[in-house]
Amino acid sequence: MKFIWVFHAKRIKQLSIIVMMALFAAGFLYIERAQLPVFSTSEGPQAFYRAETDDNRIALTFNLSWGDKQVGPILEVLSQKKVDQATFFVSASWAERYPDLVKQIKEAGHLIGSHGYQYKNYTSWEDEKVRKDLIRSKQVLAELAGEKPTLLRPPNGAFDKRVLALAEKQEYSVVHWSVDSLDYQNPGVDAIVDNVMSHTSSGDVLLFHASDSVKQTDKALPIVIDQLKEKGFTFISVEELMASTEANSEEIK
């Protein structure tokens, strides 16, 4: 009987360890998945982050919410490299402070999307507050850019299914990204170039920033563009990329 008792005790212990490991793994996956900012539902609105295409077309995007020093140099690089279909996701409160820069972006042939108005995480707001921010942003950007924005990248890239639904009601398409240059970390020109070149494939949406917080983007950008072109990539607008194929999304509960 003693032998049988020891045998069962070991088995119970083993089962307990397995259960604990399973619970830990489930908890870890939940945390990891909960922080993924790309959401979709089997039915309803989706967030676009890349296209399923093999024609080597990609989209260049910039988030912009602060300062006026980096926009000019970045626009100059894009002009020199003949990239005229980038998308600038602009905070409307920033646009009110720098209407001339909004005009420059537009006149250079780039698309202006909404980056919200107050630049606060929508996921922490009540529905009505998000709705008002979306509307105010659209009104401001429509006045300054001459047309209503149809693309939205929520502040900090933070959204969930609820925000997707609210954005859809305001006739926005939510755009995320599939390749992050990490330029906001100012890791060095070589690191920014490597972050992009080592991850970019056909159909990707590339993320850069044009705020004053980035100090190396204008120096890394021409290298990135040249190397991508050498690999056969061509730059198109996010709208064209979205039209070329159905969106890819991550499904998260």
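The values are calculated or read from the model by the stated rules, or taken from the named source; none is laboratory data. As the structure is a computational prediction, the values presented were derived from the model and not from experiment. In this analysis, Cβ positions are derived from the backbone assuming ideal geometry, glycine residues included, and neighbour counts consider all displayed protein chains. These accessible areas exclude ligands, DNA and RNA; they are computed on the full protein's heavy atoms, side chains included. Shrake-Rupley method; radii C 1.70, N 1.55, O 1.52, S 1.80 Å.
Taking into account only those residues within the range 214-228 that are among the polar types (S, T, N, Q) and in contact with an Asp or Glu (Cβ under 9 Å, 6 or more places away or on another chain), which is least open to solvent (accessible area, probe 1.4 Å)?
To start, the set of residues in the range 214-228 that are among the polar types (S, T, N, Q) comprises 216-217, 227.
From what's left, in contact with an Asp or Glu (Cβ under 9 Å, 6 or more places away or on another chain): 216-217.
Working: Gln216: 41, Thr217: 0 Å².
So, considering only residues that are among the polar types (S, T, N, Q) and in contact with an Asp or Glu (Cβ under 9 Å, 6 or more places away or on another chain), the one least open to solvent (accessible area, probe 1.4 Å) is Thr217.
I'd like to check something: does the range 112-120 contain any residue that is in contact with a Pro (Cβ under 7 Å, 6 or more places away or on another chain) and modelled with pLDDT under 95?
Taking every residue of the range 112-120 in turn, at least one turns out to be in contact with a Pro (Cβ under 7 Å, 6 or more places away or on another chain) and modelled with pLDDT under 95.
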Taking the criterion of being more than 15 Å from the chain's Cα centre (by Cα), buried (at least 19 other Cβ atoms within 10 Å of the Cβ) and of a type outside the set (Lys, Arg), would at least one residue in the range 145-157 satisfy it? yes
Of the residues in the range 112-136, those that are part of a loop (DSSP other than H, G, I, E, B) and open to solvent by 10 Å² or more (accessible area, probe 1.4 Å) come to Tyr117, Gln118, Tyr119, Lys120, Asn121, Trp125, Glu126
Would you confirm, using the coordinates I've provided, whether Val102 is in contact (Cβ under 8 Å) with a residue 12 or more places away in the chain and not in a loop (DSSP other than H, G, I, E, B)? yes
Taking the criterion of being open to solvent by 50 Å² or more (accessible area, probe 1.4 Å) and in a helix (DSSP H, G or I), would at least one residue in the range 166-176 satisfy it? yes
Given the conditions (1) open to solvent by less than 40 Å² (accessible area, probe 1.4 Å); (2) closer than 18 Å to Asn63 by Cβ; (3) touching a residue at least 40 places away in the same chain (Cβ under 8 Å), every one holds for Val196 apart from (3)
Out of the residues in the range 67-111 that are open to solvent by 10 Å² or more (accessible area, probe 1.4 Å) and at positive phi, which is farthest from the chain's Cα centre (by Cα)? Lys82
